[in-house]
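Read the structure below first, then the notes.
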Amino acid sequence: MNLKHFYGVHTALVTPFRNGRVDYRSLCKLIDHQIKGGINGLVAVGTTGESPTLSHEEHIEVMRFVIEQARGRVPVIAGTGSNSTDEAIDLSQRAVKAGADALLLVGPYYNKPNAEGQYRHFAKIAQAVSDTPIILYSIPSRCGVDIPYPTIFRLAKDFKNVIGIKEAGGSCDRVAQIYGELGEKFLILSGDDGLTLPFMSVGAKGLISVASNLYVADLVKMVKLANANDYKAAGKIFKKYYAFFRDIFLEPNPSPIKYALKKAGLIACDDVRLPLAEASAPTRQCIDALLKQLGKAH
């Protein structure tokens, strides 16, 4: 499987809501904004897409909609992880049937399985969709546990379709150790906008981004420059957006980025589903100031 197909910036799309339902008109507008900005790929129904509060059928329908709207112009990675192995298999098979280019599988949250349990979980899914690339997703702040090194290395060795990992644990050392063990044969993507360049300096090849919901072209350029080892030029772009990277996580994602997208006119409402709440007044004020400074979405 060609890992370079997944180098670059992939936007972790929000799922817009209006009056309690998925707002497909806004989602279509957001996807068009991504394509016009030159995005390298799209992630449908990840954490930023509020996967925990979508119904099973909504989850499938949003994945299908993003794939159809992308029309093969960029790869679509479908978020199909679950803390139930059988549910993850079902979502993964449905995503494959809908035409997903790859799957993003988060570590089993809440259950807190040990290394062997995690290996068996991902192995069973990999066997069920053996011709589709799988990108693991390690985010201990939400799952309670990391995907351990031995599990990652075993999966990469045993299953040709386990091609990479989204690292959202905040550790450059982890990225360096994974890269040191697996090298260019295994894809590493940053899961944190604010750590993109540090992670790329030790082996990552791109980013699954929240910030690129709004600012596409500059972040694509930043990652392209970093992949060409021009960190001086990439760093100038990183510096420009660093405060935005920081402030869209002042409150739980995706409340702040949804507010920013509404202010920019890319989605109609900044509604989120309970137990999340909309961004508070202080966070909105920070976002307003940054949007004024950074200018129009592009």
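Structure notes:
- Residue satisfying all of: in the range 91-116; surrounded by fewer than 17 Cβ atoms within 10 Å (Cβ to Cβ) and at pLDDT 95 or above; farthest from the chain's Cα centre (by Cα) among these: E116
- Taking the range 263-298 as the range and being among the hydrophobic types (A, V, I, L, M, F, W, C) and free of Cβ contacts under 8 Å to residues at least 12 places away in the same chain as the test, the residues that pass are A281, A289.
- Of all residue pairs spaced 6 or more apart or on separate chains, those with beta-carbon atoms under 8 Å, a first member in the range 165-188 that is in contact (Cβ under 8 Å) with a residue 60 or more places away in the chain and over 16 Å from L155 (Cβ atoms) and a second member that is of a type in the set (A, V, I, L, M, F, W, C) and not in a strand (DSSP E or B) are E184/L3.
- Scanning the range 216-243 for residues that are within 30 Å of A281 (Cα to Cα) and either crowded, with 24+ Cβ neighbours inside 10 Å or acidic (D, E) (or both) yields a total of 2.
- Extreme residue, surrounded by the fewest Cβ atoms within 10 Å (Cβ to Cβ), among residues of the range 1-38 that are in contact with a strand residue (DSSP E or B) (Cβ under 6 Å, 6 or more places away or on another chain) and part of a helix (DSSP H, G or I): L3
- Extreme residue, nearest to G8 (Cα to Cα), among residues of the range 176-206 that are touching a helix residue (DSSP H, G or I) at 6+ places or on another chain (Cβ under 8 Å) and of a type in the set (G, A, S): G206
- Within the range 272-284, the set of residues being in contact with a strand residue (DSSP E or B) (Cβ under 9 Å, 6 or more places away or on another chain) and buried (at least 21 other Cβ atoms within 10 Å of the Cβ) comprises just one member, V272.
- Within the range 228-262, restricting attention to residues that are touching a residue at least 12 places away in the same chain (Cβ under 8 Å) and aliphatic (A, V, I, L, M), the residue that is nearest to D32 (Cα to Cα) is L261.
- Number of residues in the range 130-142 that are of a type outside the set (V, I, T) and surrounded by fewer than 22 Cβ atoms within 10 Å (Cβ to Cβ) equals 5.
- Only residues that are in a strand (DSSP E or B) and touching a residue at least 60 places away in the same chain (Cβ under 8 Å) were counted in the range 68-105, giving 3.
- Checking each residue in the range 50-67 for being assigned to a loop (DSSP other than H, G, I, E, B) and among the charged types (D, E, K, R) picks out only E50.
The values are calculated or read from the model by the stated rules, or taken from the named source; none is laboratory data. Remember, predicted model here, so these are calculated numbers, not experimental data. Glycine also receives a Cβ, built like all others from the backbone with ideal geometry; neighbour counts cover every protein chain displayed.
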